[in-house]
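Nothing in this text is a laboratory measurement; each read-out follows from the coordinates by a stated rule. Since this is a predicted model, take the numbers as computed values, not measurements. So basically every Cβ, Gly included, is an ideal-geometry build from the backbone, and we count neighbours across all protein chains shown.
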Amino acid sequence: MADVLKAEGTDGAGADASHDGVRRRDFIHIAAVSFAGVGGIATLYPLISQMSASADVLAESSTEIDVSAIAPGQAVKAMFRKQPVFVRNLTPAEIAAADAVDPKTLRDPQTLEQRTKTGKTNWLITMGVCTHLGCVPLGAGQGEVKGEFGGYFCPCHGSVYDTAARIRKGPAPKNLEVPPYEFTSDTVVKIG
Amino acid sequence: MSFPWANQYKPTHPLMVYLDEKLPLPRFVYNAIGGGYPVPRNLNYAWNFGVLAGFCLVLQIVTGVILAMHYAANAGVAFDSVEHIMRDVNWGWMLRYAHANGASAFFVVVYIHIFRGFFYSSYKAPREMIWLLGVVIFLLMMATAFMGYVLPWGQMSFWGAKVITGLFSAIPLVGEPLQQWLLGGFAPDNAALNRFFSLHFLLPFVIAGVIILHIWALHIPGSSNPTGVEIKSESDTVPFHPYYTAKDGFGLGVFLLIYCTVLFFFPNALGHPDNYIPANSMSTPAHIVPEWYFWPFYAILRAFTADFFFIPAKLMGVLAMFSAILVWFFLPWLDTSPVRSGHYRPLFRKFWYLLVIDTLILGYCGGSPAETKYVLISQIAAAYYFLHFLVILPIVSSIEKPLPLPFSITEAVLGTDAATA
């Protein structure tokens, strides 16, 4: 070992080895490969990013719905971001059924109050996308099965939602999502 | 590697001698699937299915490349372009039915190939790498088949894409962004359809590459055989060509008879009528199921209906579904019995039959509606499925008393082994 160090110390001093045995060339190798590596990884970014939603898909789309024609007990399906939205006018009985449940017993504890706008608790507006794997639950259309809790029923894997569109039974982990919306007038709601 | 008694490639024609010096491709083929590859003399028809699977891949690539000449991967016209293939393109109906039913045939053949592997413990040393590569091929096949099913852009295509990419949304934290990244949007649309087409075209060639590795790994120890006893001498083997090219050729003929019967007389028997309805993002078909070859795994996905400790039911179902295949990766180390063939393992053999029945039950439940009765049966069958691999196999391996093995393949076939006795 001592001989090696000595040898490097003598003939390396003038050429390309410093006193600790690191040659100039080692530095160039590491620097070149590191630089190329960083460049290679940087190149991956656009290759991965191109898969994400493009600008036209992301362009904020909002939907306006006239709810004046929806009688209590009825619902309509609208489209928001290429996915269905359920706008439902709850009957007093449905509201009472939703309020009768202790939220603490639910899988995703929320009250009907938290899922609707103040003073408009009869307007239940949710995405029509099952939180399990994304099917459109039944129950919004005329004559469709509403499930044993009177809300929505997803035919794909049997998730059952109640009259506040809260998950009550089946594999879905969350309540139906409430999208951002506001009432622009008493009869028009703007989603998104 | 080959055995020392393997036939040597000796070209006689001057052109072949010239070619052998410059590019020894004929030599390579001769040693791989010709007279230069010694194979156990006792292979039964269960050993036909590797060659048949290779044939199915070629069939799918040929019909698929042709279909791609007439298909348009755009959400606006994809459905119509498939109908154009069916009605207007010369022989288009046959090529599309051949491709759709070819996928089913491929899975039938590969499932038999896999369960052959289970019965004869083909995954055991020294053939673990062949098995592991085989599981990789199966996973690639599933991805390819799924993306291919999306391309006609019917109702089942659309909702299949939504549900399967929805699986990824179960992953904590990154799930939702990951699903949007996979789809290129909030729901399946043009971006998703286009990338699925691109990948559906690419993956079969990746599968072909992994098959080359699968066969390369096979040729190191050589083929296994129904006794599970390794090759001892030349009398245990025959050259691949003409013995097994002939046997595989006969098997291929039987396969083609069955395949063509389905193709020409029952081309839609394995499909879903809903997929002849154009994709509609506002309405889910009442009964959505994947293609039959995914049913056992789909049943396992649906078997989880309640949260499991702190893991949500949805994530649990997804984890279980993927684990049902990933557990195969550990098979060479879960089955510790030194005896390979199920013929000499009386207890193991009974459980093999139970696994076949259990998988069929799972498949039946996976294709049925999400009703309580089927979900309950799925739960029991799914529990048994994992029990088989994780508990029963290791226990059976340690307590079972195997039957006496023959001294050699030759003895198993002829009763005596004059060469080595």
Name the cysteines of the protein assembly as shown that stand alone by the Cβ rule: no other cysteine Cβ under 4.7 angstrom. B:CYS56, B:CYS260, B:CYS365
In nanometres, what is the gap between the two model label sites at B:SER398 and B:ASP80, each 7 Å from Cα along Cα-to-Cβ? 6.6 nm
Kindly identify the stretch B:17-64 as rounded, prolate or oblate by the Cα gyration tensor criterion: order the square roots of the eigenvalues as a ≥ b ≥ c, call it rounded if a/c is under 1.5, otherwise compare a/b with b/c, prolate if a/b is larger, else oblate. oblate
Let me know the number of lysine pairs in the stretch A:57-191 closer than 25 Å at the Cα, not counting same-chain pairs under 8 apart. 24
Förster-model FRET efficiency, 22 Å R0, B:LYS232 and B:ALA46, C-beta, rounded to 0.05: 0.50
Explain nothing, just the number: dipole magnitude of chain B about its Cα centre with +1 on each Lys and Arg Cβ and -1 on each Asp and Glu Cβ, in debye rounded to the nearest 20. 440 debye
Classify the protein assembly as shown as rounded, prolate or oblate, taking a ≥ b ≥ c as the square roots of the eigenvalues of its Cα gyration tensor: rounded when a/c is under 1.5, otherwise prolate if a/b is larger than b/c and oblate if not. prolate
For the stretch A:162-192 and the stretch B:316-350, what is the centre-to-centre distance using only Cα atoms, to the nearest Å? 46 Å
Report, in debye and to the nearest 20, how large the dipole of the protein assembly as shown comes out about its Cα centre when Lys and Arg carry +1 and Asp and Glu carry -1 on their Cβ. 820 debye
Take chain A, connect every pair of alpha-carbon atoms lying under 10 Å apart with a spring to form a Gaussian network, then pick out the residue of A:ASP20, A:ASP66, A:ASP99 with the largest mean-square fluctuation. A:ASP20
In the Gaussian network model of chain B, springs joining C-alpha atoms below 10 Å, which of B:PHE79, B:PHE297, B:PHE265 carries the largest mean-square fluctuation? B:PHE265
Sorted by Cβ density within 10 Å, fewest first, the residues A:HIS19, B:HIS219: A:HIS19, B:HIS219
How far is helix B:372-387 tilted, in degrees, relative to the longest principal axis of the Cα atoms in chain B, given as a value from 0 to 90 rounded to the nearest 10? 30 degrees
Fewest-first ranking of A:THR43, B:THR410, using other Cβ atoms within 10 Å as the exposure measure: A:THR43, B:THR410
Exposure proxy check: B:VAL77, B:VAL136 ranked by fewest other beta carbons within 10 Å? B:VAL77, B:VAL136
By the C-alpha gyration tensor axes a ≥ b ≥ c (rounded if a/c is under 1.5, else prolate when a/b exceeds b/c, else oblate), the shape of the stretch B:37-414 is oblate
Summing -39500 (n - 2.57) over the DSSP H runs of n ≥ 4 in chain B and dividing by its residue number, what mean residue ellipticity at 222 nm do you reach, to the nearest 500 deg cm²/dmol? -19500 deg cm²/dmol
